[in-house]
Amino acid sequence: MDNQEELRCIGCGAVIQSTDPEKAGYTPQSAIKKGMANDELYCQRCFRLRHYNEIAPVSLSDDDFLRLLSQIRDTKALIVYVVDIFDLNGSLIPGLHRFVGDNPVLLVGNKEDILPRSLHRTRLTDWMRQQVNQAGIRPIATTLVSAKKNHQIEHLLDLIEKYRQNRDVYVVGVTNVGKSTLINQIIALRTGVKDLITTSRFPGTTLDKIEIPLDDGHQLIDTPGIIHEHQMAHVLPAKDLKLVSPQKELKPKTYQLDDSQTIFLGGLGRFDYLNGPHAGFVAYFDNNLKLHRTKLANADHFYQKHLGDLLTPPSKDELDKIPALKRYEFTTEHKSDLVFEGLGWITVPAKVTVAGWAPDGVSVLLRRAMI
């Protein structure tokens, strides 16, 4: 296959090869010929993902992703940094400021369509900017989009044109933030070609950088998603990923609680009201995630007894795949959101003490209320 060394899958960017079915880019020789004839060359993994929603693991390491990112430092480019506003801390690329160098960063919050309409968008973008500031990134602009609903994509393109100043554009983000969906929308708006790049809920769909030509000879480059092991998406089995990738606007659920009460978030998290007056708490999670209220004194026993049946996910045959829940305690100074990264949040009143539990490695944090 020497003469086909540089053929690449248009779905994930992997170099096409027909020798090792276990490695990225594998495509049977007959499919290569057919794909070249039709000008639609997909690797077998992308073909199965697109047509049958099957995912096949490939042997790519974090080092492979970081090697690709490190190339950005030596170029002059605009960096479009895509984060999931549903899982901001899980969207942060560790050490990104080292890979960016002196290049400007445009921060893009995706999945805006699932947020309740009552949520303050300006307050959200301010919080996003503060969070990435703490990670060493100073964005030149921050904007919200919905790649899935094609919302604000034209505005994003205007911002890209404003700030790229005759440079290449690198689109970066961790897995599962909707980056490839965003790229597909950009391609569709500019060329009319739909769903060129492989997308799915499965982390790590793009395997190598994908280069899309711009009008002035420069390129828009889609990089592979960095694996962030502390995302809720990496804790869940594939069939439950929909719970961390909501498809519809979140519908709030209000609970009137006395202290010493607990709400379980399926088997993936837990909220304890430890100290304060009778008050209302509003939960914002995927509409299909089942929430269960019980007494705090009974909560540990309830969890052990019902995990895998009443409290799902996980199901009974997947209990060993979910890390043990870790506890985080907070006392609020003002109305706040207790955020379970990648899952949702509960809005709590001022001057109360609460605890949040999430699988070990997944963040629980407190922010000023967004609604």
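Just so you know, all these numbers are worked out from the coordinates, no wet-lab data involved. Bear in mind the structure is a predicted one, so any value in this text is a computation, not a measurement. A quick note on method: Cβ atoms are made from the backbone with ideal geometry, for glycine too, and the neighbour counts reach across all protein chains shown.
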The range 252-295 versus the range 112-155: alpha-carbon centroid distance in Å:
27 Å
Please list, in chain and number order, the residues 5+ apart from H151 or on another chain whose amide H is under 5 Å from its amide H, with Hs placed from the backbone.
S146
Cβ density ranking, 10 Å radius, fewest first, applied to W357, W127, W345 yields W127, W357, W345
Using amide H atoms built 1.01 Å from N in the peptide plane, name the residues 5+ places from Q261, or on other chains, whose amide H lies under 5 Å from its own.
Y273, L296
Which one, G101, A238, T332, is farthest towards the positive end of the dipole of the chain when Lys and Arg carry +1 and Asp and Glu -1 on their Cβ?
T332
Using 0.36 nm times the number of residues separating K242 and N133, minus their current alpha carbon distance, what extension gain do you get?
36.3 nm
How many nm is it between the label spots at H278 and N103, if each spot is 7 Å from the Cα in line with the beta carbon?
5.8 nm
In the chain, taking the dipole from +1 charges on Lys and Arg beta carbons and -1 charges on Asp and Glu beta carbons about the Cα centre, the listed residue (Q134, N275, L144) farthest towards the positive end is N275
Name the GluC sites (Glu not before Pro) in the range 264-371 that are in a loop by DSSP and that have at most 14 other C-beta atoms within 10 Å, would you?
E333
Difference of contour (0.36 nm per residue) and Cα-Cα distance, D317 to K335:
2.6 nm
Identify unpaired cysteines across the chain, taking unpaired to mean no other cysteine Cβ lies under 4.7 Å from the residue's Cβ.
C12, C46
For the range 83-91, take each phi angle, set θ = phi - 60°, evaluate the Karplus expression 6.51 cos²θ - 1.76 cosθ + 1.60, and give the result in whole Hz per residue in order, putting x for glycine and proline.
10, 8, 5, 7, 8, 5, 5, x, 8
Among V364, V174, rank each residue by its count of other Cβ atoms within 10 Å, from fewest to most, as a rough exposure measure.
V364, V174
Relative to the present Cα-Cα distance, how much length would full extension add between Y328 and S260 at 0.36 nm per residue of separation?
22.9 nm
With +1 on each Lys and Arg Cβ and -1 on each Asp and Glu Cβ, how big is the dipole of the range 253-368 about its Cα centre, in debye rounded to the nearest 20?
240 debye
Tally Lys and Arg at +1 and Asp and Glu at -1 over the other residues with C-beta under 13 Å from the C-beta of H120: what net charge comes out?
+3
When each of K148/K326; K290/K335; K253/K295; K149/K321; K305/K351 is checked by Cα-Cα distance, pairs over 21 Å:
K148/K326; K290/K335; K149/K321; K305/K351
Highest-fluctuation residue, T181, T19, T223 considered, GNM on the chain with Cα pairs under 10 Å:
T19
The chain, helix-only ellipticity at 222 nm - DSSP H runs n ≥ 4, -39,500 (n - 2.57), divided by all residues, nearest 500:
-6500 deg cm²/dmol
In terms of the Cα gyration tensor, with a ≥ b ≥ c the square roots of its eigenvalues, is the range 253-368 rounded because a/c is under 1.5, prolate because a/b exceeds b/c, or oblate?
prolate
Placing +1 at every Lys and Arg Cβ and -1 at every Asp and Glu Cβ, with all other atoms neutral, what dipole size does the chain have around its Cα centre, in debye to the nearest 20?
1060 debye
Listed with the fewest Cβ neighbours within 10 Å leading, L189, L241, L257 appear as L189, L241, L257
